[in-house]
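Structure, as structure tokens:
Values in this text are rule-based calculations from the coordinates and carry no lab data. Please read these numbers as outputs of a predicted model, since none were measured by experiment. Backbone-built Cβ (ideal geometry, glycine too); neighbour counts: all protein chains shown.
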Amino acid sequence: MNKYLGLAAGCIIAVSVSACSKKAPETLPPPAVQTAPSAATQQPAAPARIVPGSQADFVNQMSGRDTIFFDTDRYNIDSEDAAALRAQAEWLARYPEKRARVEGHADERGTREYNLALGERRANAAKNYLVSLGISETRITVLSYGEERPAATASNEAAWAQNRRAVTITID
């Protein structure tokens, strides 16, 4: 009995599929006519408008200075980091209603707990520097991702150097 049910089900499916198949049209449409592109299609697309005070504006204005990098097992702010943080503080001073989050990261070496703690120390170092430049402490939060969100996934010094960082993002 089951053999016949399976055979009947197979026939029903085959008939259903064949009933849905398309048949070739009797006449084909004429080929597309090539025309010269209009002036509107020759224009390059206008760049997206960046809203002043937005995260896109922050990233654009920072030109890579939204991220600072650290040496292995370190969380001190060097002169290059200080220059980036001064640029961030100037932007934040122009938009006093904006808040920021500093996200701390570490490379994959070390335990998860150690890397989370190190990421937090890095984020706090950046936050403290921004506060020292006059940005209200209440406008800045910190979050550590430790090794969980690598910028580079290789296991070599070049990748690790990219992952030892603190990234500032703006939030509403």
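Please compute the net charge surrounding A159, taking Lys and Arg as +1 and Asp and Glu as -1 over other residues with Cβ under 9 Å from its Cβ. Summing Lys and Arg as +1 and Asp and Glu as -1 gives -3.
Here the residues R49, R109, R149, ranked from fewest to most Cβ neighbours within 10 Å of their Cβ, fall in the order R49, R149, R109.
Of the chymotrypsin sites (Phe, Trp or Tyr not before Pro) found in region 48-89, no site is in coil according to DSSP while having at most 13 other Cβ atoms within 10 Å of its Cβ. Of the residues S79, S144, the one with the fewest other Cβ atoms within 10 Å heads the list, and the complete ranking is S79, S144.
R0 = 30 Å: FRET efficiency of E137 with S54, Cβ-based, nearest 0.05?
0.85
Here r is the Cβ-Cβ distance between T72 and E148 and R0 is 22 Å; the resulting FRET efficiency, rounded to 0.05, is 0.75.
Segment A83..E113, full-extension length gain: 7.8 nm, with 0.36 nm per residue of separation and the alpha-carbon distance subtracted. Listed from fewest to most Cβ neighbours within 10 Å, the set I171, I135, I50 follows the order I171, I50, I135.
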